[in-house]
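Since the structure comes first, as structure tokens, the remarks are kept for the end.
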Amino acid sequence: MPTPVAASSATTVALPRTPTPRATRTPRRGGFGRELAGALAVGLSVLAVVIVVFQVLAWARGVPGPGTAMVLGHLGAAVLAVLVQRVADRTSGWPATAAALGVAVITGATMWVLWWA
């Protein structure tokens, strides 16, 4: 039953509840591989920031730091990994799988070339 609003003759009307239609597009699931690739891309980005901070601190103190090649290599790899991860997040099927594997390859190559070799 509608209730009057204040002293006026206006009343509120309760509308019947109808369920809202669900979106026709099914939500995509992330999957373990896509989530792992995202974590690798984030980790590579954080490592790039750490390397840049260490290089700036080294320049400020007048000591040798990681070096320009190390800084540029990490920044380039981080940017590339994030761009490839965007492809993995925005597509589905084999392109997403290939992009997720690409992030893992970029991360592995960066670690091998700039840290372990």
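The values are calculated or read from the model by the stated rules, or taken from the named source; none is laboratory data. The structure presented is a predicted model; accordingly, all values stated were derived computationally and were not measured. Reconstructed Cβ throughout: ideal geometry from the backbone, glycine too, with neighbour counts over all protein chains shown. Calculation scope for accessible area: heavy atoms of the full protein, side chains included, ligands and nucleic acids excluded. Shrake-Rupley method; radii C 1.70, N 1.55, O 1.52, S 1.80 Å.
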task: Please determine, by comparing only the residues of region 62-72 that are within 11 Å of Leu114 (Cβ to Cβ) and part of a helix (DSSP H, G or I), which one is most open to solvent (accessible area, probe 1.4 Å).
output: Leu72
Selection count, region 73-85, where residues are out of contact with any Ser or Thr (no Cβ under 7 Å at 6 or more places or on another chain) and without any contact (Cβ under 8 Å) to a residue 40 or more places away in the chain: 5
field: Unique residue being crowded, with 20+ Cβ neighbours inside 10 Å, within 16 Å of the chain's Cα centre (by Cα) and in contact (Cβ under 8 Å) with a residue 60 or more places away in the chain when the list is Ala104, Ala100, Ala88
entry: Ala100
query: Given (1) more than 25 Å from the chain's Cα centre (by Cα); (2) open to solvent by 80 Å² or more (accessible area, probe 1.4 Å); (3) at pLDDT 90 or above, where does Ser9 come up short, assuming only one miss?
result: (3)
- line: Matching residues in region 22-61 (loosely packed, with under 10 Cβ neighbours inside 10 Å and modelled with pLDDT of 95 or more) number 2
